[in-house]
Structures are given as structure tokens and as C-alpha cells.
Amino acid sequence: MVKVKNLHGTSDSAPEGYGSWKEFWIAKSGRQWPRYCAVIGCLEPAMVGGHVKLVNGGNEWYIVPLCYTHNNNHDGEFYVDESLLVKVR
């Protein structure tokens, strides 16, 4: 697990060739969309591909499956399953 925080001011539109950040995540990870939010201990459905960065990392951005609550938690930090991070840049 790894500690992340949401990014502010990231693009709402998915990269060219993808209909959503969820589609991007599925294509890049090669996995099925998970049933639950990637935040450790959260049992809410994963609804969106949230933009996050590592708390103690560099400037890389990642997409991770999140529930609406964690995707809208702009000030908090939380732990996610590292295997669910897909690098954006």
C-alpha cells in the first residue's frame, strides 16, 4: 500500500482515444475495473478514475479507481493498493 493525495485542477476530459479515465485505466492496466474503491478499507463502489500523486513521491500523476467520496476528498491523504495505480505522466 502507498499513501496518496488527490490532485487539484487536473483535466476532466480523458486523453485522446479514451472515453473516460476509467477506460484509460482499464486499457493501461490490462485489468478489469475493480468493484470497490482502491482506498484501503473502503467498501464503496469504484466509480471514477481519480487523479492522485504519491505523498512522499515525485511529480508523477496516477489514475486510481475511487468512490465518489474519496475522489472529492481534496485535502485528505489516504492509502491505496499500489498495484491499482496507473501512471499518467
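Determine by what factor the alpha-carbon radius of gyration of region 37-89 differs from 2.2 N^0.38 Å, reporting the quotient.
Relative to the rule-of-thumb radius for its length, region 37-89 sits at 1.03.
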Most to least packed among 54-61, 71-78 [average Cβ atoms within 10 Å]: 71-78, 54-61
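Counting only protein heavy atoms and using a 1.4 Å probe, what share of the accessible area of the chain belongs to carbon plus sulfur, as a whole percent?
On the way: 2450 of 5410 Å².
Carbon-and-sulfur percentage of accessible area, whole number: 45.
Calculate, for the chain, the solvent-accessible area per residue in square angstrom, rolling a 1.4 angstrom probe over the heavy atoms of the protein chains.
Working: 5410 Å² over 89 residues.
The answer is 61 Å² per residue.
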If amide hydrogens are placed 1.01 Å from N in the peptide plane, which non-local residues have theirs closer than 5 Å to the one on Val88? Trp61, Tyr62, Ile63
How big is the accessible area of Tyr62 in square angstrom, nearest 10, if you roll a 1.4 angstrom probe over the protein chains? 40
To the nearest 500 deg cm²/dmol, what mean residue ellipticity at 222 nm is calculated for the chain from DSSP H runs of n ≥ 4 alone, each contributing -39,500 (n - 2.57), summed and divided by the residues? -3500 deg cm²/dmol
What would the Debye formula give as log10 I(q)/I(0) at q = 0.14, 0.15, 0.24 Å⁻¹ for the alpha-carbon point model of the chain, no solvent? -0.41, -0.47, -1.32
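Quick one: length gained pulling Trp33 to Lys5 fully straight, 0.36 nm per residue minus the C-alpha distance?
So the chain would gain 8.0 nm between Trp33 and Lys5.
The values are calculated or read from the model by the stated rules, or taken from the named source; none is laboratory data. None of these values were measured; they are calculated from a predicted model. All Cβ positions, glycine included, derive from the backbone under ideal geometry; neighbour counts span all protein chains shown. Just so you know, the surface numbers come from the protein's heavy atoms only, side chains and all, with ligands and any DNA or RNA stripped out. Shrake-Rupley method; radii C 1.70, N 1.55, O 1.52, S 1.80 Å.
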